[in-house]
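These notes are about the structure you will find just below.
What follows is calculated from the coordinates using simple rules that are stated; it is not laboratory data. These figures come from a predicted structure and were not determined experimentally. With ideal geometry, Cβ positions are generated from the backbone for all residues, glycine too; neighbour counts draw on all protein chains shown.
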Amino acid sequence: MRTKIRELRKLHKLSQEELAEAVGTTRQTITSIEVGKYTASLPLAYKIAHYFGLTIEEVFDFSELEEE
Amino acid sequence: MEKELKLYKKSLRLQTVFYSVSLVLLIIMMALSVFEVIRPVFPDERWQSMWNGFLFGLSAVYVVVSILGIVKNRKAQQNEAELKKMYIQTHDEREQAISRRCGQTALIFELVGLLFAIVIGGFFSPVVSFVCIGCLLYLCLVVVSLRIYFGKRM
């Protein structure tokens, strides 16, 4: 799944480590979500979106699911 | 997060108690084994000594692992930052997903491996075949029980 996490991180000048600590996960998980290897669970997606003050749909791209 | 950390701290305390109790029991067993109060049942002296050495080595590994676990847990209980770091590492959802997938794949390999061992072992040693059947039945029983348990919980 594609996400805007990397762009948002750059915008907020955040490292993966800092974001991971803020949302209670590991840096490796953030990396995997950013490159699309791992799909975040609903609670983690909510935490990430909430951290940036956005909705889940604004951070995560669900267009692939909509196409199905 | 604070509530979760509190619960995690409690579970670490329990884990430390478990480590300590098992450590004491194992050290007692090792001492009894060294002074030959208890010894593995083998008719052959050479096999007995070899098996005794193997069990002693295994126990020594467990002792080291337990001591490391106790030290790590104590450190985390006294330092909030360390506790949070450890909590995140153990509760990371990607790590849990990896473990789940590893468990599922390993189970398939175990079941298929045991089935092969039962069939092939049957041609060479019926004892090996029966032991493998026992293991397979035990594995199936555990899987079915866990499926019922988690099926009711989720």
Over the range B:1-91: Kirkwood hydrodynamic radius from C-alpha pairwise inverse distances, Å
15.2
Sites B:Gln48 and A:Arg27 - FRET efficiency at Förster radius 35 Å, r taken between beta-carbons, to 0.05
0.10
Per-residue Cβ neighbour rank within 10 angstrom, fewest leading, B:Ser125, B:Ser49
B:Ser125, B:Ser49
What percent of all Cα-Cα pairs in the range B:93-154 falls in each 5 Å bin, counting up from 0?
4, 17, 17, 21, 16, 11, 8, 4, 2, 0
Calculated Rg and Dmax of chain B using C-alpha coordinates, Å
21.1, 60
I'd like to know which of A:Leu14, A:Thr25, A:Phe60 lies farthest towards the positive end of the charge dipole of chain A, counting +1 on Cβ of Lys and Arg and -1 on Cβ of Asp and Glu.
A:Leu14
Using Cα positions and a limit of under 17 Å, work out the lysines in reach of B:Lys10, with same-chain residues fewer than 8 apart set aside.
B:Lys72, B:Lys75, B:Lys84, B:Lys85
About the Cα centre of the protein assembly as shown, how large is the charge dipole given +1 on each Lys and Arg Cβ and -1 on each Asp and Glu Cβ? Please answer in debye to the nearest 20.
680
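Let me know the charge dipole size of the range A:5-67 about its Cα centre in debye, to the nearest 20, where only the beta-carbon of Lys, Arg (+1) and Asp, Glu (-1) is charged.
In debye, rounded to 20, the range A:5-67 gives about 360.
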Kyte-Doolittle at least 0.0, axis length at least 18 Å by Cα - qualifying DSSP helices, chain B:
B:2-34, B:45-78, B:93-124, B:126-153
Please report, for the Cα atoms of chain A, the Rg to one decimal and the Dmax as a whole number; what are they, in angstrom?
11.2, 35
With no solvent and one equal point scatterer per Cα, compute the Debye intensity ratio I(q)/I(0) for the protein assembly as shown at 0.13, 0.15 Å⁻¹ and report its log10, rounded to two decimals.
-1.07, -1.18
Residue (of B:Ile27, B:Leu5, B:Val142) at the positive-pole extreme of the protein assembly as shown, dipole from beta-carbon charges
B:Ile27
Quick check: pseudo-label points 7 Å beyond the Cα along Cα→Cβ at B:Val71 and B:Lys85, how many nm apart are they?
1.5
With unit charges on the beta carbon (Lys/Arg positive, Asp/Glu negative), name the residue among B:Tyr62, B:Val17, B:Val37 whose Cα is farthest towards the positive pole of the charge dipole of the range B:1-91.
B:Val17
Note down the relative contact order for chain B as a percent, whole number, built from C-alpha pairs under 8 angstrom at least six residues apart.
19
Please sort by residue number the chymotrypsin sites (Phe, Trp or Tyr not before Pro) in the range B:1-100 whose DSSP state is loop and whose Cβ has at most 13 other Cβ atoms within 10 Å.
B:Phe35
Would you compute, from DSSP H runs of 4+ residues alone, the mean residue ellipticity of chain B at 222 nm, taking -39500 (n - 2.57) per run and dividing by the full residue count, rounded to the nearest 500?
-32500 deg cm²/dmol
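Under unit Cβ charges (Lys, Arg +1; Asp, Glu -1), what dipole magnitude, rounded to 20 debye, does the range B:1-91 have relative to its Cα centre?
540
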